[in-house]
Amino acid sequence: INDSIADESTAYKWSPVGISAKKFNGVFDGGGHTIKGLYIKNTNSRTYGAAFIGYGTKDAVIKNLTIEGKIVSNSNYTGAFGGDYIGSIENCHNMAEINGADYTGGIVGDLGDGATMTNCSNLGSVSGTRYVGGLAGIIRKSNAFIKSFNRGDVTGIQKVGGVTGSIYSGGTVADVYS
């Protein structure tokens, strides 16, 4: 995969795994590798989120992976690893630029009810409209959001934060900083 995305025509264009009608339900272990030059451009969040895994079930696992590149969406559910995601994300690191609309985060757009994120980091810039966060755009109840950090710039219009744009109906957040 290309090291640079200055010219989008040379970038590795990715279609997210897991769409709303057939969500990802497996384990992706990156083995400590880095995907460089990843480029995702999404204009339809109803079909899939703009992320490595667009939609993930409660049994989905993404672990031991770093992503560099650019993810652009004019729709919702945008993040490096998960768009709309209720599984677990472990030891994943984002260095990509993330640009989305609502529910945009450096790691995941919407960390849904029961999902977990552990030992993750974001160093890329994140921008969106509403519910924008350095790690997650929004986290929902019963989530474990542990030992993770953001060092990227985060910009948005409403409900914007260095860690998450919003915590909806509670959730566990421990050892997390921006």
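Laid out as a table, the results:
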item	result
Label assignment, mean projected area of the Cα convex hull in nm² derived from the structure, set [x] 12.4; [y] 8.4; [z] 15.0	[y]
Cβ-based charge dipole, the chain, positive-most Cα from HIS93, ALA60, ASN150	ALA60
Sparse-neighbourhood loop sites, trypsin sites (Lys or Arg not before Pro) in the stretch 87-141 - DSSP loop, at most 14 other Cβ within 10 angstrom	LYS141
Ordering of 151-160, 87-96, 61-70, 169-178 by burial proxy (mean other Cβ atoms within 10 Å per residue, highest first)	87-96, 61-70, 151-160, 169-178
Carbon/sulfur fraction of accessible area - the chain, other protein chains in place, 1.4 Å, %	46
The chain - charge dipole about Cα centre, Lys and Arg +1 at Cβ, Asp and Glu -1, debye rounded to 20	360
For the chain, built as a Gaussian network whose Cα springs stay under 10 Å, the top-fluctuating residue of GLY49, GLY83, GLY30	GLY30
For the stretch 148-161, Karplus couplings with θ = phi - 60° (6.51, -1.76, 1.60), whole Hz, Gly/Pro x	9, 8, 10, 10, x, 6, 10, 9, x, 9, 8, 6, 10, x
Ranked packing of 72-81, 16-25, most packed first, by mean Cβ within 10 Å	72-81, 16-25
For the stretch 19-95, accessible area per residue (1.4 Å probe, heavy atoms of protein chains only), Å²	41
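The values are calculated or read from the model by the stated rules, or taken from the named source; none is laboratory data. What you are looking at is a predicted structure, and each value in this text was computed from that prediction instead of being measured. Cβ atoms come from the backbone with ideal geometry, glycine included; neighbour counts cover every protein chain shown. Note: areas computed on protein heavy atoms with side chains; ligands, DNA, RNA excluded. Shrake-Rupley method; radii C 1.70, N 1.55, O 1.52, S 1.80 Å.
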